[in-house]
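K.L.:
Attaching a single structure in structure tokens format; questions to follow.
The values are calculated or read from the model by the stated rules, or taken from the named source; none is laboratory data. Keep in mind it's a predicted model, so treat the numbers as computed, not measured. With ideal geometry, Cβ positions are generated from the backbone for all residues, glycine too; neighbour counts draw on all protein chains shown.
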Amino acid sequence: MTADAALRCQALTVRYGRFTALDGFSYAFAPGRLYGIIGPNGAGKTTLMNVLVGGVRPSAGSVHIRETDVTGLRVPARARMGLGRSFQITRTFAGMTVFENLRLAAQASVFRRQPLWRSARTFPETAERARAMLATVGLEREADRPAEQLSHGDGRALELGLALMADPAVLLLDEPLAGVGHGALDRTTDLLARVSAGRTVLLIEHNMSAVMRLAETVLVMMDGKLIAQGDPAAMRRDPRVREAYLGSDA
């Protein structure tokens, strides 16, 4: 394992009774690199994400953010150390506007405890951050629209903006293109490429075209294990990958 890894895990194992969801997974994720994580359903990809972010405690193994062992830390503590995540299912405050969602995320990144006697409108810094993020994710025109009225693609962009508000050095993305219409795929993929620059990104995605376009390194999982890794072109040719995920006639 490299000492300068942005995120690394050692022998991560998750068991639920007799079922092993993650089986001795080890890897060191380098700073500023985008990793595509692929594999069939049930391969352990989302379980890995849940362990890395702190939502699931491993049965064995460890997680380090840089040189700090965070295995025993929960989600908020890891977030404060620079770990961000977006989810497979969009999670926003549906009744709030796009701007209000982003401003709320900005408040969480600025204040560990916001003074309850002051309105959110009295904090210009959080409003400025929210407006800047609107521009980053391309939602300026949707600022006053309730989040529940967004198209699926714009909803994914909003959730990505929420994950980015704390400016995480490590970003975990769980199927960010799920449900995005064909017409919005290129725009959302371009957005992912743009916001990933300079970060360590772990991308779970079933859209193979997007994975092969975005990822510098592809990790292939099956039955909770890492079975192959390499650049996208090499993974396309690897017979284990073709058989396990892409199909034998890929």
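K.L.:
Looking only at the range 45-86, which residues are over 17 Å from Y27 (Cβ atoms), surrounded by fewer than 19 Cβ atoms within 10 Å (Cβ to Cβ) and not β-branched (V, I, T)?
P.N.:
Within the range 45-86, G55, R57, S59, G72, L73, R74, P76, A77, R80, M81, G82 qualify.
K.L.:
Identify all residues within the range 171-193 that are within 23 Å of A28 (Cα to Cα) and surrounded by fewer than 22 Cβ atoms within 10 Å (Cβ to Cβ); write none if there are none.
P.N.:
If the condition is that a residue be within 23 Å of A28 (Cα to Cα) and surrounded by fewer than 22 Cβ atoms within 10 Å (Cβ to Cβ), then D174, E175, A193 are the ones that fit.
K.L.:
Please go through the range 204-217 and pick out each residue that is within 19 Å of R8 (Cβ to Cβ), out of contact with any Gly (no Cβ under 6 Å at 6 or more places or on another chain) and assigned to a loop (DSSP other than H, G, I, E, B).
P.N.:
E216
K.L.:
Going through A166, A215 one at a time, which residue ends up being at pLDDT below 90 and of a type in the set (G, A, S)?
P.N.:
Among A166, A215, only A166 is at pLDDT below 90 and of a type in the set (G, A, S).
K.L.:
If you go through the range 1-46 one residue at a time, how many are outside any strand (DSSP E or B) and within 20 Å of the chain's Cα centre (by Cα)?
P.N.:
Number of matching residues: 14.
K.L.:
Can you find a residue that is modelled with pLDDT under 85 and more than 17 Å from A163 (Cβ to Cβ) anywhere in the range 79-96?
P.N.:
There is at least one residue in the range 79-96 that is modelled with pLDDT under 85 and more than 17 Å from A163 (Cβ to Cβ).
K.L.:
Whether any residue in the range 207-229 is touching a residue at least 60 places away in the same chain (Cβ under 8 Å) and within 30 Å of A143 (Cα to Cα) is what I want to check.
P.N.:
Yes: the range 207-229 contains one or more residues that are touching a residue at least 60 places away in the same chain (Cβ under 8 Å) and within 30 Å of A143 (Cα to Cα).
K.L.:
For the range 161-175, does any single residue satisfy the condition of being of a type outside the set (V, I, T), assigned to a helix (DSSP H, G or I), within 24 Å of T97 (Cα to Cα) and out of contact with any strand residue (DSSP E or B) (no Cβ under 8 Å at 6 or more places or on another chain)?
P.N.:
yes
K.L.:
Same structure again: Check D238, D223, D231 and return the single one that is closer than 16 Å to G36 by Cβ, among the acidic types (D, E) and at pLDDT 90 or above.
P.N.:
Going through D238, D223, D231 in turn, the sole match is D231.
K.L.:
Under the condition of being under 23 Å from V180 (Cβ atoms) and polar (S, T, N, Q), which residue from the range 202-242 is surrounded by the fewest Cβ atoms within 10 Å (Cβ to Cβ)?
P.N.:
Only one residue fits best here, namely S209.
K.L.:
With the condition kept exactly as written, say whether any residue in the range 180-190 is at pLDDT 90 or above, farther than 26 Å from V75 by Cβ, out of contact with any Ser or Thr (no Cβ under 8 Å at 6 or more places or on another chain) and of a type outside the set (G, A, S).
P.N.:
yes
K.L.:
Report whether or not V201 is of a type in the set (V, I, T), closer than 25 Å to N50 by Cβ and either touching an Asp or Glu at 6+ places or on another chain (Cβ under 6 Å) or not in a loop (DSSP other than H, G, I, E, B) (or both).
P.N.:
So V201 passes the test.
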